[in-house]
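Reviewing the structure listed below.
The values are calculated or read from the model by the stated rules, or taken from the named source; none is laboratory data. For clarity, every value in this text was computed on a predicted model and none was experimentally measured. Using ideal geometry, Cβ is built from the backbone for each residue, glycine included, and neighbour counts are taken over all protein chains shown.
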Amino acid sequence: MSTTATPAPRPPVARQPRGRTTQPRGRRKWTWLRGIAITLVTLVFALPLVWMFAAAFKTNVQVTDPGVGLWFKPTLDNFRSIVEAGQIVRSMGNSLLVGVVSTVLSAVIAVPAAWAVGRFAMHRTGSLILVARIVPAISLLVPWYYLFAQMGLVGSYTVLVLSHMFVSVPLIMWIMISFFAGLPVELEEAARTDGLSAFGAFWRVSLPLAAPGTATASLLAFVFSWNNFMFALVFADDRTQTVPVTLFNFISYASTDWGGLMAAATLITVPVVIAAVVGQKYLVAGLTSGATKG
């Protein structure tokens, strides 16, 4: 009579509760350190903005008093005075006009040029663009002023747009060159096979795919134009004055209107924040769409 051995029972396997994931101790430590570092960096960059927003609702005495922190009775007198004066509103309109026009014209010129440089590997042209980007603009103010004065353009919007385009065009080109160089050339070759011209392939294939890069470069160019102080100080007059020069006027030899200065700085920060939020929205939309549509 044969007997068969009964297999020994297996030890029970401990099951991990659902919804819980365990991480190695070293990885958890790195996550905590990264979170602390991000928090510290955020506080360093956010505290000046918080102080500016708070000072916009203080009086000049409260702004200069170290004992007055974030707990105070806010006032709208600073905003009321600068709006009633009218200069800040006109300057914001001038900055918006110059920034939008210079950015659009720069993108129209720089984006096709960047496609040509990146697609056809024009390395010398790319190096020349980098040199133009490095040259300090302040070294060109004297010849520019003499030239524009002879043409009767000093004090006009035209001279501000042209001077801002000197920096915006190389900036957009330098960002977009690497972007176009990274796009697959097979997409354009397929479009050329279907009968499109070189420019048609760029317009219908490469340009939609480059929407995220174009939005990023245009946003940076607009922020530069909005914050530019040097060109407006030299070329603008009272009629075409932009917001950085208007802010500078709050500082005088005898005293400084800190409340008005902080209120004006708060007002001119709002359009930049709105542009950044809208630009981020279109960046995300551009990453999920492109030339493959329709």
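In the set VAL61, VAL161, only one residue is outside the structural domain of ASN249 (by TED's automatic domain parsing) and outside any loop (DSSP other than H, G, I, E, B); that residue is VAL61. The residues listed here are THR256, THR292; of these, the one that is more than 22 Å from LEU171 (Cβ to Cβ), at pLDDT below 80, out of contact with any helix residue (DSSP H, G or I) (no Cβ under 7 Å at 6 or more places or on another chain) and not assigned by TED's automatic domain parsing to the domain that holds ALA190 is THR292.
Do the conditions hold for LEU96, that is, is it surrounded by 14 or more Cβ atoms within 10 Å (Cβ to Cβ) and within 23 Å of LEU171 (Cβ to Cβ)? In short, yes. Scanning segment 197-210 finds one or more residues that are of a type in the set (S, T, N, Q) and at pLDDT 85 or above. Just to be sure before I move on: is THR75 without any contact (Cβ under 8 Å) to a residue 24 or more places away in the chain, of a type in the set (S, T, N, Q) and in contact with a Ser or Thr (Cβ under 7 Å, 6 or more places away or on another chain) in the structure I sent? Yes.
Per the listing ALA201, ALA114, ALA190, ALA121, the residue uniquely of a type in the set (Gly, Ala, Ser) and either outside any helix (DSSP H, G or I) or touching a His at 6+ places or on another chain (Cβ under 6 Å) (or both) is ALA121. Considering (1) in a loop (DSSP other than H, G, I, E, B); (2) at pLDDT 80 or above; (3) surrounded by 14 or more Cβ atoms within 10 Å (Cβ to Cβ), say which one VAL68 fails and leave the rest. Evaluating VAL68 over (1) in a loop (DSSP other than H, G, I, E, B); (2) at pLDDT 80 or above; (3) surrounded by 14 or more Cβ atoms within 10 Å (Cβ to Cβ) leaves (2) as the failure. Here the condition is being over 17 Å from the mean Cα position of the chain (by Cα) and among the hydrophobic types (A, V, I, L, M, F, W, C); of ALA232, ALA221, ALA211, ALA215, it holds for ALA232 alone.
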